[in-house]
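The values are calculated or read from the model by the stated rules, or taken from the named source; none is laboratory data. The structure presented is a predicted model; accordingly, all values stated were derived computationally and were not measured. Because the Cβ atoms are built from the backbone with ideal geometry, glycine has one as well, and the counts that use them run over all protein chains shown.
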Amino acid sequence: MNAYFKPVAGTLLMLALAGCVERRPEVLRPGSADLRPAPRPGAAPPPPLEGARTVEEFDTTTGAERAAALSAPQPGTERRLGRTIASLGDPARPGFWLQTPLVSAPAKGRVVHPETGVSVAVDLLPAEGPATAGSLISLAAMRLLGVPLTGLPELVVHVIEE
């Protein structure tokens, strides 16, 4: 009986530990393969399915939406609002957004991770509190920025002026 216990216990231990390995956020590039259908213009990503458990299940954005969020901004069309420390917002809320006290009304914007220079187009949503308070950022935006989901990255926030 001992001869069978050790290999089985070792295999079970390896499987349990494999689930504990931290995975780096997947950074998708424009043109990456994505099996989800293309979004309708102006349509928000669908909410995650009930029972979602993994990052991939919660992030319902498509490859086309990710590519658009990573595209370069038009020169001279935005204004810097300031810096904020962001933490992960509600993972069940789809899309690219930042809820921040730096805006008093919803607006289109962009966040930049100053350490890497990566920027993502987001919807800016107002949050109560002083401008120095922190912000909440969407799961999809954090993944594109390449920051750990449990991190507190400092971001530079820009508003797009129309």
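Miscellaneous remarks
- Test: residue in segment 70-81 that is surrounded by 15 or more Cβ atoms within 10 Å (Cβ to Cβ) and part of a strand (DSSP E or B): yes
- Leu70 vs. criteria touching a residue at least 24 places away in the same chain (Cβ under 8 Å), in contact with a helix residue (DSSP H, G or I) (Cβ under 7 Å, 6 or more places away or on another chain) and not small (Gly, Ala, Ser): yes
- The set of residues from segment 152-162 being in contact with a Gly (Cβ under 8 Å, 6 or more places away or on another chain) and part of a strand (DSSP E or B) comprises Val156, Val157, His158, Val159, Ile160.
- Options Thr116, Thr84: the member that is under 12 Å from Val156 (Cβ atoms), surrounded by fewer than 18 Cβ atoms within 10 Å (Cβ to Cβ) and touching a Gly at 6+ places or on another chain (Cβ under 7 Å): Thr116
- Top-ranked residue in segment 88-113 [being surrounded by fewer than 15 Cβ atoms within 10 Å (Cβ to Cβ) and of a type in the set (Gly, Ala, Ser); ranked as nearest to Leu139 (Cα to Cα)]: Ala92
- Of all the criteria given as (1) farther than 21 Å from Ile160 by Cα; (2) modelled with pLDDT of 95 or more, the one not satisfied by Thr54 is (2).
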